[in-house]
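Rule-based calculations on the coordinates, nothing more; no lab input. Please read these numbers as outputs of a predicted model, since none were measured by experiment. In this analysis, Cβ positions are derived from the backbone assuming ideal geometry, glycine residues included, and neighbour counts consider all displayed protein chains.
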Amino acid sequence: MTGRFLTVEGIDGAGKSSHLAALSEAVRSRGAEVVMTREPGGTPLGEKLRGLVLHDAMDGVTEALLMFAARREHLVQVIEPALARGAWVVCDRFSDATYAYQCGGRGLDRAVFAQLEALVHPERQPDATFLFDLDPGVAAARQRAQRREPDRFEREAEAFFGRVRDAYLERARTHAKRFHVIDASTPLEAVRASLMAAFARACP
Ligand code: TYD
């Protein structure tokens, strides 16, 4: 059995986390081993870097470098070995998040992003990416309802998330075969149904 690399993306508050378990379950029901993981993070070093990028103030290029540093560890230690043994990897965010947040949100040069991507994962791209798309105003309201202490990204203004969303949609257009855009504004059950339909199309 060949492993597959599936990623889930979206702006903060789009609700992707609530659907990750359902996606993993759908994969498992086909009899495959599933590795559920996340970025930044997924390894002991990656989780330490996650703590830094989510909570410590830093320059935008530094932020992008730390995202890719965590990603490199994650690929070498977790993602590539899992795919090599035929497991399916379901990853909460990957390089599309760097494109959206660091390029779209913070203004990192897209050429610099492309260089880092080529250095860190020259061959590897997700087999399918599920993008939960939602208006930043609606996402912010959902986020506030959670009532936990917001991290450095979650504290950004709505305009920042507007740019992140636009960059995600731009990336979805340029990688149209890999991306599945899911309308996250509908009720939870409808979002789940759209995700399951997209999964069936992506992995027939
Ligand atoms: P997120 O995945 O939303 O986790 P939680 O549900 O626990 O808040 O948080 C990760 C944050 O990191 C999110 O705001 C997006 C940001 N991020 C980037 O800016 N660039 C990246 O490359 C990645 C992977 C994440």
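If we count every other residue with Cβ under 15 angstrom of Q77's Cβ, Lys/Arg +1 and Asp/Glu -1, where does the sum land? It would help to have the intermediate numbers written out before the result.
On the way: positive: R38, K48, R50, R71, R72, R85, R124; negative: E39, E47, E73, E80.
For residues surrounding Q77, the net value is +3.
Evaluate the distance, in nm, between pseudo-label points positioned 7 Å from the Cα of A193 and of E47 along their respective Cα→Cβ axes.
For the pair A193/E47, the computed spacing is 3.8 nm.
Relative contact order (percent) for the chain, with alpha-carbon contacts under 8 angstrom and 6 or more residues of separation?
Details: 303 pairs, mean separation 65.1, N = 204.
Averaging sequence separation for qualifying contacts and normalising by length gives 32 percent for the chain.
Just from its helices, what would the mean residue ellipticity at 222 nm be for the chain, if runs of 4 or more DSSP H residues each count -39500 (n - 2.57) and the sum is divided by every residue, rounded to the nearest 500 deg cm²/dmol?
Values: 8 runs with 98 residues, N = 204.
Computed mean residue ellipticity for the chain: -15000 deg cm²/dmol.
May I have the pair-distance distribution P(r) for the chain, computed from all Cα-Cα distances with 5 Å bins from 0 and rounded to whole percent?
Distribution as computed: 1, 7, 16, 20, 22, 18, 11, 4, 1 percent.
Scan around E33 for amide H atoms under 5 Å from its own, H built in the peptide plane at 1.01 Å from N, and keep only partners 5 or more places away or cross-chain.
W88
Highest mean first, how do 123-135, 24-36, 154-166 rank when packing is the count of other Cβ atoms within 10 Å averaged over residues? Kindly include the intermediate steps, with their values, before the conclusion.
Numbers: 123-135: 19.2, 24-36: 14.8, 154-166: 16.8.
The packing order, highest mean first, is 123-135, 154-166, 24-36.
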